[in-house]
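Remarks on the structure that follows.
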Amino acid sequence: MRERYVIIPAGGTGSRMGSELPKQMLDLCGKPVLRWTVELFLSQPFEVRIIISINESIKDMWLEYCYKNNFVFPHVLVTGGFTRFHSVRKAMKYLPEGASVAVHDGVRPLLRLGDIAALYDEAEEYPAVVPVIPVADSMRTFSAGSAQDGTEWGVSRIVDRSIYRLVQTPQVFHTEVLKRAYGQPYSREFTDDASVVEKNGVPLHFCQGSRFNIKLTAPDDMALAAALIDSGCLR
């Protein structure tokens, strides 16, 4: 079995949350969102070496939280970069060859432990493993520049949702594949690690994701996350 690592980019802000606190530090059922995410990997039945790429503005806040709450665990803390791409790339020097590494958004704390283990297991065979889920809602395109406040939507067209998938994390890669891919120059088309690896010529292996695995972005997401945790359905 390959050694197993995780890079957790945690460089976002709370702008869409309407919060002064960065979203990864918001309280969720008594703990910061980022702690919930980290504990997904600490709780695996195998060792996962943890690298957190964190926003400079909250680095001290995170360290203070860990100290005051005795949340002490072996990990590497990297100061994040200008974009998610740059934040992940700064973690590359901590990865050995011949291992597997998951890259998982710091604000996706809602996963069953077995879902993560299954992705690492898939990566024993495939160099790039990506979880996806079908689109359940109807989808439309809107003309560029149209307002999004419900008053002036512009020209709209329905699209065939059956050909689309929502892409999630953790995405798991062979470390040599990810390190080579992150040697490329930055491009705005890189929206996740799968897009970086694919651009470097590596085929992606897709797996079924989870509808619980939402990315916490807006205030409503926090309420949903709390309800899911309280329900016990993630155990």
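What follows is calculated from the coordinates using simple rules that are stated; it is not laboratory data. None of the values given here were measured: they were computed from a predicted structure. Cβ atoms come from the backbone with ideal geometry, glycine included; neighbour counts cover every protein chain shown.
See the values below:
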item	result
For segment 53-167, fraction of C-alpha pairs farther apart than 19 Å, in %	69 percent
Along each principal axis, Cα extent of the chain, largest first, Å	52, 42, 35
Within a Gaussian network of the chain (alpha carbon springs, distance under 10 Å), most fluctuating of PHE206, PHE71, PHE142	PHE142
Where a label projected 7 Å from the Cα of ILE158 along Cα→Cβ would reach, residues of segment 108-145 with amide N under 20 Å	134-143
Calculated FRET value between ARG235 and PHE71, using beta carbons and R₀ = 22 Å, to 0.05	0.60
Cα-Cα over 22 Å, subset of LYS23/LYS179; LYS23/LYS199; LYS68/LYS93; LYS59/LYS90; LYS31/LYS179; LYS90/LYS199	LYS23/LYS179; LYS23/LYS199; LYS68/LYS93; LYS31/LYS179
Considering only the chain, percent of DSSP beta bridges that pair antiparallel, nearest 5	45 percent
Relative contact order (%) - criterion: Cα under 8 Å, at least six apart; region: the chain	24 percent
MRE, 222 nm, helices only [DSSP H, n ≥ 4, -39500 (n - 2.57), over the chain, to nearest 500]	-8000 deg cm²/dmol
Net length gained if the chain between LEU166 and ASP220 were fully extended (0.36 nm per residue, minus Cα distance)	17.5 nm
Estimated FRET transfer efficiency when R0 is 30 angstrom, pair HIS86-ASP137 (beta carbons, to 0.05)	0.40
